[in-house]
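Here's the structure we're looking at; comments come further down.
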Amino acid sequence: MDTNSQNVQPTPPFSETNEETPKIGGGLPVIEYWAEHTLSPEGPKLWQTLLHKSACLSCSWGTGGQKGGFTNEDGEKLQRCMKSVEAISAEIKPAISTQFFEQQSIAELQQLTSMEADRLGRLSFPMILRAGKSHYDRISWSEVYQIAEAAFRKPPERVASYSSGRSSNEAAFLLQLMMRSLGSNNLADCSDLCHAPSTTGLNEMFATRTSVVSLENLKQADCVVLAGANSAYNHPRFMNELIKIRDQGGKIIVINPIMEIGLVKFGSPAFPVKSLFTGSDIASLYLQPIPGSDTALFLGIQKSVIEQGLLDENYLKAYTEGWEAVVQHASETAWETITETCGVSRAEIEAAATIIGTSPRVVFGWAMGITQHENGVDNVFSIANTALMTGNVGKEGAGVMPVRGHSNVQGFGSMGVTVKLRKEIQEALEKLLDRPLSRVKGYETRSLIEAADAGKVDTLICLGGNLYGANPDSTQAKRALGNVETIIYLATKPNLSHFHGLAKHNTIVIPVLNRFENPYKTTVESGNNFVRLNDEGETHLKNADLIPEINFLTELASRIHGDFPVDWRKLQDTKYVRQLIAQTIPGYEKIGTIDETKEEFTISGRIFTEPKFPTESGKAKMFVAPLPKLKLPEAKEFGASESTQGIVVALMTGRSYSQHNTVVYKIDDKYRGMPHRNCILMNRADAESVGLQEHQRVTVQGNAGKMENVEVIYGAVRVGAALMFYPEVNVIFSAPIERRSGTPAYKRVPAFVYAEA
């Protein structure tokens, strides 16, 4: 490896932070958080759960399973993070009393924030909101099943599901089998809102839908390109790998319109001395493009790779198709066009190209800053094209790696919870069902909301998730869900959907056990294709009327389907579910014997260490990624008068430091110096160009609504861009949709920021 550890660009161009921003991410505050919680009255239960042999509840980089609670798939210890503790702490709260829902009306519950809803405690009995009623009532299990069975006897095209990565592979497999046995392909999933462009793009190029890089391979990289991912917030354990790569002389290129302090310098508790004192350098080069312009930035890197003589033409000829057009597009596009589109200088782009082109092994990672755009699939194409042009797919220590969010979101896709079912799974399921699957195109998450808004959905079951809170245009989401006759939510804790996403006739909330409480073994899949086995556990809740979600799904399926196509009640023993998975899901063959072997495994056929791809030709397919048109609307298009004091920005929606998906654990964001949720992070130059001041209260208007009394906070965000917190800001916009994947463009929302006259 290159032993030169000097940063190529020590200070990114838009690096002015506010006085509240710390000098490093992580570090002592994380250690203090651990001490505060693990030494508190909840500490014994917290430690018991941390040490339980089950996978982390938080992100797809989480640890756990049969190797132990703090151990990753490579056997390394001290691999738990603060987000893990936050998630467990929320799950071991006391039960919410029956009296609470008797006393609190829906109107009062709708005043709660996401954090307040989560902090109510654990759901511990089934309840129903009936049409015309103002309060949730407790409901018997016999009536739950009576209503659910009737709801699922509606025409299959009018029955739908939504799910999140909170649950297990076994529950995911049962959900899709129950739905497809009905004849419904309406299997919406939270991944539709985040990494669907990754799945779509990688499938077209490589005939795979996941990362092609294992943890073992990542450790061999000389360079990591991390685009549109704030891993210091959302995947802290991944930061340990970046620290080790830097310590070995490798380079990290960070691409993000915001200078996130944790991606510049990070203190990990896995390296306690550095964590307490100096932190570890992360970014060697930090590029801050205009939101939505990543295709142009990577095109510039490709152009510079060609001009510097770093193009691996022999690799392209031997292992790819369509490369000539991609190379021609990069060669012929003018530098002026590239730099004007992405807002990054030619010198910075050339520095990135030099690092990538001269590093022997490069891993390209990305998250929602790449995918949640109107051209998200093109963004993925542009990254993968860059990897292929430098020969960095199909060898150890290199490859493309979408950095997934929720802990088992990838497992749900693997189990067939998707509207784009793999041909091999379709054929296996048709053999199991002894009949063809429905060919009616199913609803992914956004088309589900559109269909419900049009009155085309009668029944909806939600396995985890926060369907109302996660969608843009909250007004539409509430209206759409209000058109559905019956909604059944399976959840461990309340969320905004339970109070706002209310059905026309019956809204039922089913309390379920979480991952470390289940009375049976389950499995989950990491973002790097590693399958973990979770041991049985028990809940701390006493006299609670909870149900394992497997039991609910199998009982409901048995009532709907009888013994077709399987003995559903027998599948309450998850061992038999795993045997079905082994027969139907490619690469999962080892799961059929995991109860006996306890052998956790990497899914076969997904990690590419040779440039041989499962496409028809055996070669990777390359696609030209056109440059986006990124002009922002004029202020007058928001109805503003010429005298209004304001500016139009490209608004990015994002999570705060203490947040997991839509669940908020703290209202502030110390990393960015944002004291509460109703803030907008802006570049000082943008604000002052129209006479706005830091801490001034402004209105932020989108195309579907506005938020008032928003506090301006100055931060290290590039000129022309701004950031507000998801999910609260969802109320102001109806996002354009990436047409090939159905993903909303959360990371580029035109918004008008102005001061009231």
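The values are calculated or read from the model by the stated rules, or taken from the named source; none is laboratory data. Only a predicted model underlies this, so the values are computations on that prediction, with no experimental measurement involved. Neighbour counts run over all protein chains shown; Cβ positions are idealised from the backbone, glycine included. Note: areas computed on protein heavy atoms with side chains; ligands, DNA, RNA excluded. Shrake-Rupley method; radii C 1.70, N 1.55, O 1.52, S 1.80 Å.
Can you tell me which of A296, A318, A330 is touching a Lys or Arg at 6+ places or on another chain (Cβ under 7 Å) and aliphatic (A, V, I, L, M)?
Going through A296, A318, A330 in turn, the sole match is A330.
Within 16 Å of I349 (Cα to Cα) and open to solvent by 10 Å² or more (accessible area, probe 1.4 Å): which single residue out of P257, P289 fits that description?
P257
Looking at L226, L263, which is the one that is touching a residue at least 40 places away in the same chain (Cβ under 8 Å) and part of a helix (DSSP H, G or I)?
Matching residue, one of L226, L263: L263.
Given the criteria at pLDDT 95 or above, touching a Phe, Trp or Tyr at 6+ places or on another chain (Cβ under 9 Å), open to solvent by 10 Å² or more (accessible area, probe 1.4 Å) and assigned to a helix (DSSP H, G or I), does E102 qualify?
Yes; evaluated as a whole, the condition is true for this residue.
Tell me the residue from L533, L556, L541, L513 that is under 21 Å from Q146 (Cα atoms) and of a type in the set (A, V, I, L, M, F, W, C), please.
That would be L556, the only listed residue that is under 21 Å from Q146 (Cα atoms) and of a type in the set (A, V, I, L, M, F, W, C).
Would you point out which residue out of E517, E525 is more than 28 Å from S198 (Cα to Cα), within 30 Å of the chain's Cα centre (by Cα) and crowded, with 19+ Cβ neighbours inside 10 Å?
E517
Tally up the residues in the range 395-417 that are assigned to a loop (DSSP other than H, G, I, E, B) and either open to solvent by less than 30 Å² (accessible area, probe 1.4 Å) or without any contact (Cβ under 8 Å) to a residue 40 or more places away in the chain (or both), please.
10
Restricting attention to the range 41-75, and to residues there that are among the charged types (D, E, K, R) and surrounded by fewer than 18 Cβ atoms within 10 Å (Cβ to Cβ), which single residue is farthest from E599 (Cα to Cα)?
Among those that are among the charged types (D, E, K, R) and surrounded by fewer than 18 Cβ atoms within 10 Å (Cβ to Cβ), it is E42.
Applying the selection to the range 215-239, what residues are open to solvent by 20 Å² or more (accessible area, probe 1.4 Å) and more than 21 Å from K83 (Cα to Cα)?
Selection gives E216, K219, Q220.
Restricting attention to the range 105-124, and to residues there that are assigned to a loop (DSSP other than H, G, I, E, B) and open to solvent by less than 10 Å² (accessible area, probe 1.4 Å), which single residue is farthest from V729 (Cα to Cα)?
Within the range 105-124, the match that is farthest from V729 (Cα to Cα) is L123.
Select, from K420, K431, the only residue that is open to solvent by 10 Å² or more (accessible area, probe 1.4 Å) and either in contact with a Lys or Arg (Cβ under 9 Å, 6 or more places away or on another chain) or at pLDDT below 95 (or both).
That would be K420, the only listed residue that is open to solvent by 10 Å² or more (accessible area, probe 1.4 Å) and either in contact with a Lys or Arg (Cβ under 9 Å, 6 or more places away or on another chain) or at pLDDT below 95 (or both).
Before we move on, is E555 among the charged types (D, E, K, R) and part of a helix (DSSP H, G or I)?
Taking the combined requirement at face value, the residue satisfies it.
Scan the range 139-179 for residues that are surrounded by 24 or more Cβ atoms within 10 Å (Cβ to Cβ) and of a type outside the set (S, T, N, Q) and report the count.
Total meeting the criteria: 13.
Restricting attention to the range 275-284, and to residues there that are crowded, with 20+ Cβ neighbours inside 10 Å and out of contact with any Leu (no Cβ under 6 Å at 6 or more places or on another chain), which single residue is farthest from Y657 (Cα to Cα)?
S284
Regarding P29, is this residue surrounded by fewer than 20 Cβ atoms within 10 Å (Cβ to Cβ) and either assigned to a loop (DSSP other than H, G, I, E, B) or β-branched (V, I, T) (or both)?
Here the answer is no, as P29 does not meet what is asked.
For every residue, the table says whether it meets (1) touching a residue at least 12 places away in the same chain (Cβ under 8 Å); (2) of a type in the set (D, E, K, R); (3) touching a strand residue (DSSP E or B) at 6+ places or on another chain (Cβ under 6 Å).
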site: L310; (1), (2), (3): yes, no, no
site: Y315; (1), (2), (3): yes, no, no
site: W323; (1), (2), (3): yes, no, no
site: H329; (1), (2), (3): yes, no, no
site: E336; (1), (2), (3): no, yes, no
site: S359; (1), (2), (3): yes, no, yes
site: V363; (1), (2), (3): yes, no, yes
site: V377; (1), (2), (3): yes, no, no
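Out of (1) within 23 Å of H373 (Cβ to Cβ); (2) buried (at least 20 other Cβ atoms within 10 Å of the Cβ); (3) out of contact with any strand residue (DSSP E or B) (no Cβ under 9 Å at 6 or more places or on another chain), the odd one out for V663 is which?
Result: V663 fails condition (1) only.
List the number of the failed condition for A188; all other conditions in (1) hydrophobic (A, V, I, L, M, F, W, C); (2) under 25 Å from S161 (Cβ atoms); (3) over 21 Å from the mean Cα position of the chain (by Cα); (4) not in a helix (DSSP H, G or I) hold.
(3)
Conditions first: (1) within 19 Å of R655 (Cα to Cα); (2) outside any loop (DSSP other than H, G, I, E, B). W61 passes all but one, so which condition is the exception?
In the conditions (1) within 19 Å of R655 (Cα to Cα); (2) outside any loop (DSSP other than H, G, I, E, B), W61 misses (2) alone.
State whether one or more residues within the range 81-101 are within 22 Å of P272 (Cβ to Cβ) and aromatic (F, W, Y).
no
Are there any pairs with C-beta distances below 7 angstrom linking a residue in the range 418-433 that is within 19 Å of S191 (Cβ to Cβ) to a residue that is of a type in the set (K, R) and assigned to a loop (DSSP other than H, G, I, E, B), with the two at least 6 apart or on different chains, and if so which?
V419/K441
Counting only residues that are surrounded by fewer than 20 Cβ atoms within 10 Å (Cβ to Cβ) and over 26 Å from S497 (Cα atoms), how many does the range 666-685 have?
Total satisfying the criteria: 3.
Out of curiosity, is V380 at pLDDT 95 or above and either among the charged types (D, E, K, R) or outside any helix (DSSP H, G or I) (or both)?
no
Given the options I253, I282, I245, name the one that is at pLDDT 95 or above and farther than 28 Å from T71 by Cβ.
Answer to the check: I253.
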